[in-house]
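Data block below; observations after.
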Amino acid sequence: MVITNIHSKRIIIFITILSFLLTPCQRVQAAGDDPGAGRLSGENIPSEFYGDSGYTLPNYGLSQYGISSQSPYTGRTYIHQDVFSARPIVHGIDVSQWQKTIDWPQVKAAGIDFAFIRVGYRGYGQAGTLSEGTKDTYYDTNMQNAIAAGIKVGVYIFSQATTTAEAIEEADYILNHLGNYEVTMPLIMDYEYASDAKDGGRVKTAKLSKEQATTICMAFCNRIAEAGYTPMVYANKSMLEDQLNAADLTNSGYRIWLAHYTDATTYAGNFDFWQYSSVGKVNGINGNVDMNFYYSQLGDSFLQAPNSINAVSVTPIPNQSYTGKALTPGITLTHQGQSLQKNVDYTLEYKNNKKLGTATITIKGKGSFSGSRQIFFNIVPGSVGTVKAKKRTNNYITLSWKKDSKVTGYQIYRSTALDGTYKKIKSISSKSTVTFKNTGLNSGQCYYYKVRSYIKSGGKTYYGNYSPLTAYTKADSTTKTATAKRDSTLYSCAVEDKELYTVTSIAAGTAMSVTYLTLDEYGNTWYYVTCKQNGISHKGFVPSASVTVTEQGKVAKTNIVNVRKSAGTTSKKLTTLKRNKKVTILSSKTKKGMLWYKVTFKKNGKKYTGWIASPYIKKI
């Protein structure tokens, strides 16, 4: 029907204007209920997303804390946990309507290999609206253009689920919007509070217990897994530690995407993706964008083609010693049990491999292998080599090592226990000083040392690998003896493991000579001894609880000495001993400024135990 009269035309114009006004109104209302508006736009990021470690790179000895790398998208250096040292690091982003129009070919050219794209959200208000009206307005555009540019994609929903039914509903929301898109990355439940809501939104006001919140996330993951996709839960460090039992999720085989804006995350749980910054700069995107590391591993098919170089296993590269020249350590690549050949299956390009710090190797597939990946290795000061005990006395040990003309100085660490905690006891700021006299030590005791060099360069300090030394002080010219209290065992090291370390059995009453004492990692005292069993001499360790340790002495300085019942000249005299009479020293005690020895001996067939002033006893 054609409307020709003026009144009808006015009606049409009114309806048209009304429709135009209503549509934006609805969008504004939906956007106002968007729980991610503040954080995803970068205008209101909650404090719990930021790092609490306070670490900076110079505080890290690169040989101890895993691999570090610089992000080209933030310009900052990040330290990756040791567990990821053998896993390739892949760069990715996550986006929503708040990034607006994106030039995806430029993003791909900038080195971005994957993107997590928001499909929508559940409103943070009491109604918890989840509908076509809460769909991300750039979802389809981002999906189509990212995939066309060769970027692997995953999909996430900004959750406000407070029940398992709502979690399943959100999982189905993602699945229903996948259409024919080629999605190889995980499908994700973004579980966090609403940044713009004064009360934190539905998830926070629900005051869920950790068990309840975990069950909700588990329901989402179960539903996604049932559909044949890889589920994952996104949360910040605070949420993972305080509001969820994250281990329950990972123990069930589900992935964690950690949000923690810091240079070195202190999160101790398992995770495969790390959102490390919200202020990344990527060509093709106006303004800031969230940046992510993916720690790729064998078995994941997120990025891999059948013969992708990312599917190849690469042996970790040990720390390389600084020489001032370009370092090109070889690597070993295997695929399905077969070794790959350099320049046939792959090529290598080295970068930043001359100076101290982290060097990069780019592996590019060749022949039947395609794609590229990066691995890293550390260039550190050279090892000091073999550390020797140049001199030992009863109270000091002098260490020595080879000079390194390239270093700034050396550090010496010491422990009194096998596998114990080491403490730095000396820092030497001269590369020419290659000895250290460690004084004030106990006689007849074993000490464990490790020495490393360091170089100061460009405001940073770089440390070499440790070189160990085990040495013990002399036993004060004293022959210590030990007697087995009971049937016992002689071990090859100071660890009580009969299956692995037994040298021989020791019968009760067996006499032993003690060379030195040492401590195990628990602080228990052990003695290194020599003894005979069935006419065969053995050496090894015995725990102090299994033996009685004594010292030998003899009467000196006088022809006859008094033996007292207790320490002190006024104590009752038990007997006398002549010069050179041998005694066994059991213990010592100071009485009125005088040191006394408690001794035992036999005289005329009778056993005595008493006290003799120390000036009249010479240890032997």
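The values are calculated or read from the model by the stated rules, or taken from the named source; none is laboratory data. Worth saying up front: this structure is predicted, and the values here are computed from it rather than measured. Using ideal geometry, Cβ is built from the backbone for each residue, glycine included, and neighbour counts are taken over all protein chains shown.
Annotations
- Across the range 461-503, the qualifying residues are those that are without any contact (Cβ under 8 Å) to a residue 60 or more places away in the chain, crowded, with 16+ Cβ neighbours inside 10 Å and touching a helix residue (DSSP H, G or I) at 6+ places or on another chain (Cβ under 9 Å), and the one among them that is farthest from LYS582 (Cα to Cα) is TYR491.
- Residue match in the range 518-530 (condition: among the small types (Gly, Ala, Ser), at pLDDT below 90 and at positive phi): yes
- Residue within the range 332-344 that is outside any strand (DSSP E or B) and in contact (Cβ under 8 Å) with a residue 40 or more places away in the chain present: no
- One residue from SER238, SER209, SER252, SER195 being assigned by TED's automatic domain parsing to the domain that holds ASP272, surrounded by fewer than 23 Cβ atoms within 10 Å (Cβ to Cβ) and touching a Pro at 6+ places or on another chain (Cβ under 8 Å): SER195
- In a residue-by-residue description of the range 218-232, the property of being hydrophobic (A, V, I, L, M, F, W, C), part of a strand (DSSP E or B), in the same structural domain as ALA359 (by TED's automatic domain parsing) and in contact (Cβ under 8 Å) with a residue 40 or more places away in the chain applies to no position.
- Residues that are assigned to a helix (DSSP H, G or I) and either among the charged types (D, E, K, R) or surrounded by fewer than 18 Cβ atoms within 10 Å (Cβ to Cβ) (or both), drawn from the range 146-167: ALA148, THR164, ALA165, GLU166
- Set side by side, the residues LYS351, LYS364 differ, and just one is charged (D, E, K, R) and free of Cβ contacts under 8 Å to residues at least 40 places away in the same chain, which is LYS351.
- For the range 315-328, a residue qualifies if it is exposed (fewer than 15 other Cβ atoms within 10 Å of the Cβ), of a type outside the set (Val, Ile, Thr) and modelled with pLDDT of 90 or more, and the qualifying residues are PRO318, GLY324, LYS325, ALA326.
- Qualifying residue in the range 554-570 (condition: in a strand (DSSP E or B), within 30 Å of ARG392 (Cα to Cα) and β-branched (Val, Ile, Thr)): yes
- Applying a threshold of 7 Å to beta carbon distances and a minimum spacing of six or more residues, or different chains, the list of pairs starting in the range 63-78 at a residue that is within 15 Å of PHE376 (Cβ to Cβ) and ending at one that is crowded, with 18+ Cβ neighbours inside 10 Å and at pLDDT below 80 reads SER68/LEU57; SER68/LEU62; THR77/LEU57.
- Applying the criterion of being over 8 Å from ALA567 (Cα atoms) and touching a residue at least 24 places away in the same chain (Cβ under 8 Å) to the residues of the range 583-593, the residue that is surrounded by the most Cβ atoms within 10 Å (Cβ to Cβ) is VAL583.
- The range 423-460: number of residues that are surrounded by fewer than 17 Cβ atoms within 10 Å (Cβ to Cβ) and under 25 Å from the mean Cα position of the chain (by Cα): 6
- Residue count for the range 255-301, restricted to those that are small (Gly, Ala, Ser), under 20 Å from ALA109 (Cβ atoms) and exposed (fewer than 15 other Cβ atoms within 10 Å of the Cβ): 1.
- Among the residues of the range 266-300, the ones that are modelled with pLDDT under 95 and β-branched (Val, Ile, Thr) come to 1 in all.
- Some residue of the range 332-345 being at pLDDT below 90 and in contact with a Phe, Trp or Tyr (Cβ under 6 Å, 6 or more places away or on another chain): yes
- Candidates LEU577, LEU595, LEU586, filtered to the one that is in a strand (DSSP E or B) and modelled with pLDDT of 95 or more: LEU577
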